[in-house]
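Heads up, the thing below is written out as structure tokens.
The values are calculated or read from the model by the stated rules, or taken from the named source; none is laboratory data. Being a predicted model, the structure only gives us computed values, none of them experimental. A quick note on method: Cβ atoms are made from the backbone with ideal geometry, for glycine too, and the neighbour counts reach across all protein chains shown. In case anyone asks, the SASA skips ligands and DNA or RNA and just uses the protein heavy atoms, side chains included. Shrake-Rupley method; radii C 1.70, N 1.55, O 1.52, S 1.80 Å.
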Amino acid sequence: MNIRAKISIGYLLILCIVIPAFYGMTVYEHNNIRDKEVSIQVKDFKSSFGVLIERDTKTLAAALEVIIQDPGIKEKFMSNDRDALYRYGEPLFKNLKERYGITHFYFILPDGICFLRLHNKDLYGDMINRHTFLKARETQGIASGIELGKTAFALRVVMPYYNDKKLIGYLELGEEIDHFLGIMKEETGDEYAIIADKDKLDREDWKSVRKVAGLRDNWDDNEKHLVVSQTTDVRLLAKCSDEAAIERVEKGENELHKFNNESGSYICTGFGINDAAGEHVGAVLSPVNITHFTNSMRKFNNNAMIFSGIILLISAAGIIIFSASITKPLLKLEDAAILMEKGNLETKVDIRSNDEIGMLAKAFNSMAVKLEETLSSLRKKNKEVEKIVYITSHDLRSPLINVEGYHKEIGYSLKELQAALKDVELPQDVREKIVFIIEKEIPESVKYIDSSIVKMDSLLSGLLRLSRSGQAELHIEKLDMNRLVSDVLDTFKFQFKEKGAAHDVEKLPSCSGDERQINQVFSNLMGNALKYLDPARPGVIKISGYKKDGEVVYCVEDNGIGIPAEHQDRIFEIFHRVQPGKGGEGLGLSIVRKIVERDNGKVWVESVEGKGSRFYVSLPA
Ligand code: ADP
């Protein structure tokens with residue numbers, strides 16, 4: 001996965017968390033507000049129900065106070081004349097009914113027997129045992145409360161009736177509370193229903209009440225409860241008046257289920273009604289309209305979707321731009337690194353930003369500059385080394401140096417060399433050049449070799465590579481090996497003489513290669529053959545060659561001290577010597593191997609310690 005994809009996925013993941021989280025929080029908050037508002041509304045309608053009861057209780061009590069003062073009523077009541085009392089009281093009751101909605105008017109005797117119902121003249125003589133009455137009798141004061149009758153809830157106020165401080169009975173006024181619902185609906189606009197527990201009602205009475213009112217008998221709508229009165233929208237109220245809802249209200253919950261219909265969204269609310277004895281007898285239910293909340297939620301949903309869409313689009317654009325701003329420079333860096341790997345060290349990365357990538361590019365550029373500097377100084381050194389190697393392994397094997405017995409010793413004496421030079425006849429300009437080499441270049445070179453001796457191997461490889469890439473040009477040609485070997489032998493004339501050694505050269509097949517390099521190969525092999533002759537016997541060096549399968553194999557053979565078997569594999573390694581301190585410093589054979597291998601040839605040795613060695617060089621014909 002590339003960086004751009006990673007950034008994109010990361011960013012999308014963040015969005016996948018942020019957007020739903022934001023959305024969830026808002027929905028949660030919105031629902032919170034809605035619930036709060038609904039609960040405020042429930043409290044409101046509960047308290048306005050309470051206020052209505054309180055207000056009407058006061059009205060009923062005030063009316064009773066007035067009635068108690070009426071001497072006509074008292075006189076008729078005390079004279080025990082039911083008909084006279086009815087006649088006298090009936091217009092008053094009518095008036096109270098029309099004006100104040102008072103529906104019940106009782107005269108009760110001190111023992112609790114009903115003397116007269118102004119609202120139902122024919123029913124009397126029964127015992128009143130409603131809680132309100134019992135309380136008034138017990139406290140000898142005014143008592144009030146809601147009572148569930150056989151078919152309806154009524155608010156009742158009972159007051160003791162005195163004549164000259166002597167109790168003559170009780171007066172009771174009552175009103176049905178159904179009209180509260182209308183008042184509350186007018187105030188809030190919501191629909192209301194009053195529910196009663198069925199087991200406290202009378203089935204037959206209910207049937208006839210409904211019949212008289214011209215209403216459907218709804219007794220069987222619910223199992224345990226009955227809607228005793230309700231405002232106009234019956235269908236809406238039906239959604240809240242099921243048993244499950246009522247049960248929850250009875251448990252004390254105020255907010256019930258939500259539902260939707262064509263006129264909007266609602267949440268059912270309600271509260272229980274206790275009668276004057278504090279017993280649970282029913283409930284008031286109301287579907288609260290929460291349409292404006294659902295609408296605003298819908299609106300919010302739409303907006304959130306548009307908003308999320310815009311955020312996603314902006315983010316996508318952002319990701320593309322942002323990731324491009326990271327990956328583009330990185331790609332540039334990568335390109336530059338590839339170019340550099342191919343050897344193009346002038347490569348620079350063009351990134352100027354001040355961030356980490358800019359710093360990386362700067363570091364890359366300065367690294368490229370340093371690398372180039374290092375490499376060019378390395379090239380320079382390589383050239384020097386090439387020169388040194390050439391001088392030490394070729395030029396210094398010239399008759400001049402060899403006359404003096406100088407090979408390529410490190411730490412040789414300059415004075416010896418200069419003294420040697422004196423005795424040799426040379427044209428002036430050649431002499432000057434050699435003096436320059438001896439006095440300047442060689443000491444410097446030796447110093448350099450000293451210090452860089454460890455790096456020599458790689459430098460040699462670099463050198464050979466450089467010469468292959470045209471920095472030191474090779475001239476591959478067909479070589480007359482008879483002539484080349486005779487030239488080499490010529491340069492060692494004096495050593496042969498000095499060592500009293502002989503050479504034996506066969507007719508050699510020709511090969512192709514760079515004359516200077518091949519010359520160096522044979523010079524090194526010849527030099528070694530002479531160097532490692534056994535002083536105990538006359539030395540003989542044989543040079544032979546043969547052709548085989550497109551290859552030419554040459555052999556330089558000596559009868560010298562030979563090479564111990566365990567060293568034979570390693571003598572071609574740079575600096576490897578059989579006896580450190582003797583001979584040279586272990587460079588010659590490694591140069592031989594590098595030259596031969598570069599020309600796709602091979603070099604190997606066969607040797608017997610104490611008997612002599614054969615160095616084979618195979619080259620392409
Ligand atoms: P050096 O400068 O020490 O001669 P070379 O790389 O030419 O370095 O040779 C490595 C070692 O191999 C020598 O030190 C020597 O011990 C051994 N060697 C090379 N040629 C011969 C030979 N013809 N006979 C015996 N030993 C040899």
Problem set entry | Burial ranking of peptide ranges 167-176, 262-271 (average Cβ count within 10 Å, highest at the top) | 167-176, 262-271
Problem set entry | Accessible area expressed per residue, region 474-621, with surrounding protein chains retained (probe 1.4 Å, Å²) | 49
Problem set entry | Other-chain or far-sequence residues with amide H under 5 Å of Ile541's (modelled H) | Ala502, His503, Asp504
For this session: Sort the following peptides by mean Cβ neighbour count (other Cβ atoms within 10 Å, averaged over residues), highest first: 564-575, 150-161.
Result: 150-161, 564-575
Exercise. Assuming R0 = 45 Å, what is the FRET efficiency of Leu333 and His567, from their Cβ-Cβ distance, to the nearest 0.05?
Worked result: 0.35
For this session: Taking every Cα atom in region 113-191, find the radius of gyration and the maximum pairwise distance Dmax, and write them in Å.
Result: 15.3, 50
Exercise. How would you rank 254-261, 296-303, highest first, on the average number of other Cβ atoms within 10 Å across their residues?
Worked result: 254-261, 296-303
For this session: Return the subset of Lys211/Lys239; Lys499/Lys582; Lys547/Lys582; Lys43/Lys251; Lys97/Lys165 for which the Cα-Cα distance in this structure is over 28 Å, preserving the input order.
Result: Lys547/Lys582; Lys97/Lys165
Problem set entry | Selected from His179, Tyr161, Leu148, residue furthest toward positive end of dipole (region 137-192; charges at beta carbon) | Tyr161
For this session: Using only the Cα atoms of region 508-586, build the gyration tensor, take square roots of its eigenvalues as a ≥ b ≥ c, and label the shape rounded, prolate or oblate: rounded if a/c is under 1.5, else prolate if a/b is larger than b/c, else oblate.
Result: prolate
Problem set entry | Projected label distance in nm at Arg483 and Glu29, using a 7 Å step from Cα toward the beta-carbon | 10.1
For this session: Report the FRET efficiency, 1/(1 + (r/R0)^6), for Glu356 and Ala21, where r is their Cβ-Cβ distance and R0 is 41 Å, rounded to 0.05.
Result: 0.85
Problem set entry | Point-to-point label distance, Asp44-Leu134, nm (Cα→Cβ direction, 7 Å offset) | 3.9
Exercise. Going from the alpha-carbon gyration tensor of region 572-621, what semi-axes, largest first and in whole Å, does one get by taking the root of 5 times each eigenvalue?
Worked result: 22, 15, 6
Exercise. Within the accessible area of region 132-248, what % is carbon and sulfur when the probe is 1.4 Å and the other protein chains stay in place?
Worked result: 49
Seminar exercise, completed: Hits in region 548-578: amide N under 14 Å from the 7 Å Cα→Cβ extension of Lys499, namely 556-563
For this session: Amide H neighbours of Phe153 under 5 Å, at least 5 residues apart or on other chains, H built in the peptide plane: list them.
Result: Ile177
For this session: Report the charge-dipole magnitude of region 499-581 in Debye, nearest 20, computed about the Cα centre from +1 at each Lys and Arg Cβ and -1 at each Asp and Glu Cβ.
Result: 240
Exercise. Taking a probe of 1.4 Å, how large is the accessible area per residue of region 1-111, in Å²?
Worked result: 62
For this session: Could you look at region 1-48 and say what percent of its accessible area is carbon and sulfur, using a 1.4 Å probe and all protein chains?
Result: 70
Seminar exercise, completed: Regression test value, accessible area per residue of region 182-221, probe 1.4 Å, units Å², expected 59
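Report the charge-dipole magnitude of region 142-200 in Debye, nearest 20, computed about the Cα centre from +1 at each Lys and Arg Cβ and -1 at each Asp and Glu Cβ.
On the way: 7 positive and 12 negative charges, 95 e Å.
I would put it at about 460 debye.
Suppose every K and R has +1 on its Cβ and every D and E has -1 on its Cβ; what is the size of the dipole of region 220-369 about the Cα centre, in Debye to the nearest 20?
About 1100 debye.
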Seminar exercise, completed: Checked region 484-621 against the a/c 1.5 cut and the a/b vs b/c comparison, axes a ≥ b ≥ c from its Cα gyration tensor; verdict oblate
Problem set entry | Inter-label distance, nm, simple model (7 Å from Cα along the C-beta direction), Asp83/Ala238 | 5.1
Problem set entry | Theoretical gain in end-to-end length, Tyr100 to Ile113 [0.36 nm per residue, Cα-Cα removed] | 2.0 nm
